[in-house]
Amino acid sequence: MTREIELADQIWAMIRAKQVLRLPFPYLADHHASWDETVYQMLVRDSVRNEVYRRVIDATVRDRVVVEIGPGSRLFLTQLCAAGGARKIYAIEANRDAYERGCALAETLCLGEQLTLIHGLSTEIDLPELGEVCVSEIIGSIGDAEGATRFLHDATRRLLTDDAVMIPRGCKTWVSPVERPSHLYPDDATEALIRSFAPSMTDTFGQVIDLTRYKIHNIPRASLLAPEQIFEALDFQSGEPPRSRECPLSFIATRDGVFDGLLLWIHLEVGPGQVIDAFDNTSWAPVHVALSPFQVLTGDIFEVRCTAQTSAERQTPAYGFEVSLMRDGIMLYHAVNKPDLPD
């Protein structure tokens with residue numbers, strides 16, 4: 001685990017030094033097979049995320065039965081629930097390696113009967129009692145990228161009481177045309193981190209993955225070419241969204257610049273009045289969806305079509321993005337970005 005700890009420390013050192021850092025996390029992380037220990041170590045070090053979750057959990061779980069979906073290998077939120085006085089915690093983890101590491105850690109935590117750690121998908125698990133609180137952090141840098149709505153909607157139907165509290169409550173994903181900053185971290189460190197983070201992606205998926213979507217930490221808001229709009233609004237206390245979703249949006253450029261893609265980021269409502277903005281220094285960070293560059297002028301119109309498709313065979317949505325640029329009623333540009341990973 002030493003390599004993963006050192007790598008997570010390196011990444012966070014650059015983030016906290018306000019380096020504009022590009023990493024290919026989001027579309028590796030929405031497949032269980034690609035989650036390695038580096039990701040969990042990153043989350044443990046995310047002080048923005050962790051402090052908000054701590055406040056909401058402390059105010060909610062005492063003397064209640066908690067169902068946690070996706071505790072990961074470090075059991076960080078699990079430990080917050082235990083410290084917050086939860087009567088019982090059922091923590092369900094789908095990733096085999098994370099589950100085994102979690103079991104080893106659980107033995108050292110001395111939680112006794114307070115914690116039951118379960119391996120499997122929460123949609124395929126039955127529990128001996130219903131939960132009064134559902135805690136999860138199966139949130140992607142695009143809100144539903146890890147299939148949160150599917151898993152949490154199933155939990156509300158089968159694993160929770162009718163009045164159970166959801167932590168988090170909901171998530172909005174914002175989108176805007178963007179000009180990627182030219183001052184990305186300037187030496188070989190970033191590429192080395194990328195190579196060390198995902199050395200086995202080709203083996204995992206049986207084909208070369210041409211990554212076109214990245215997290216960009218510390219991207220300036222001035223990089224946006226138009227005011228942001230909501231692409232995806234998720235309420236984890238209501239029904240499951242349809243498997244096929246489409247969101248057409250129209251933006252007007254507020255400055256000249258070189259358009260080279262879309263930027264997406266989340267506002268996560270962890271609890272009442274407790275919202276995490278991923279533009280801050282969090283492990284989510286905004287997602288840059290790369291498209292071929294084009295010079296734009298103030299007043300140009302971006303017609304953006306965002307789609308999310310969830311097949312019966314896939315646990316997470318496949319996101320697609322299509323952009324047309326209009327000037328004086330004439331289409332000058334059209335580009336499409338398809339999902340990085342295969343179905």
Subject >> Subset tally (residues that are within 14 Å of PRO286 (Cβ to Cβ), assigned to a helix (DSSP H, G or I) and either modelled with pLDDT under 75 or touching a helix residue (DSSP H, G or I) at 6+ places or on another chain (Cβ under 9 Å) (or both)) for the range 2-28 >> reply: 2
Original post:
With the range 288-343 as the region, which strands (runs of 3 or more DSSP E) entirely inside it contain at least 1 residues that are modelled with pLDDT of 95 or more and more than 16 Å from SER250 (Cβ to Cβ)?
Top reply: 330-337
**OP:** Quick one: which residue in GLY143, GLY131 is touching a residue at least 24 places away in the same chain (Cβ under 8 Å), closer than 23 Å to ALA233 by Cβ and touching a strand residue (DSSP E or B) at 6+ places or on another chain (Cβ under 7 Å)?
**Re:** GLY143
Subject >> For GLY143: the one exception among (1) in contact with a Ser or Thr (Cβ under 7 Å, 6 or more places away or on another chain); (2) modelled with pLDDT of 95 or more >> reply: (2)
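Quick grid of which residues meet (1) open to solvent by 10 Å² or more (accessible area, probe 1.4 Å); (2) not in a loop (DSSP other than H, G, I, E, B):
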| residue | (1), (2) |
| --- | --- |
| ARG54 | yes, yes |
| ASP63 | yes, no |
| GLY72 | no, no |
| ILE92 | no, yes |
**OP:** Write out, first by first residue and then by second, each pair whose Cβ atoms fall under 6 Å of each other, whose residues are 6+ apart or on separate chains, and whose first residue, in the range 29-50, is under 12 Å from LEU7 (Cα atoms) and modelled with pLDDT under 55 while the second is basic (Lys, Arg) and open to solvent by less than 20 Å² (accessible area, probe 1.4 Å).
**Re:** none
**OP:** Pick out the one residue from VAL304, VAL289, VAL336, VAL323 that is open to solvent by less than 30 Å² (accessible area, probe 1.4 Å), out of contact with any helix residue (DSSP H, G or I) (no Cβ under 6 Å at 6 or more places or on another chain) and more than 19 Å from GLY143 (Cβ to Cβ).
**Re:** VAL323
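For (1) over 24 Å from ARG243 (Cα atoms); (2) of a type in the set (D, E, K, R), each residue gets a yes or a no:
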residue: LEU262; (1), (2): no, no
residue: ILE266; (1), (2): no, no
residue: VAL270; (1), (2): yes, no
residue: ALA278; (1), (2): yes, no
residue: SER283; (1), (2): yes, no
residue: PRO293; (1), (2): yes, no
residue: LEU297; (1), (2): yes, no
residue: GLU303; (1), (2): no, yes
residue: THR307; (1), (2): no, no
Original post:
Which residues, taken from the range 94-137, are open to solvent by 20 Å² or more (accessible area, probe 1.4 Å), closer than 30 Å to LEU23 by Cβ and of a type in the set (Val, Ile, Thr)?
Top reply: THR123
**OP:** May I ask you to list the residues in the range 239-274 that are loosely packed, with under 14 Cβ neighbours inside 10 Å and closer than 21 Å to TYR319 by Cβ?
**Re:** GLY239, PRO242, ARG243, SER244, GLU246, PRO248, SER250
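The values are calculated or read from the model by the stated rules, or taken from the named source; none is laboratory data. Because the structure is a prediction, the values reported are computed rather than measured. Note: ideal-geometry Cβ built from the backbone for every residue, glycine included; neighbour counts use all protein chains shown. What goes into the accessible areas is simple: the full protein's heavy atoms, side chains included, and nothing from ligands, DNA or RNA. Shrake-Rupley method; radii C 1.70, N 1.55, O 1.52, S 1.80 Å.
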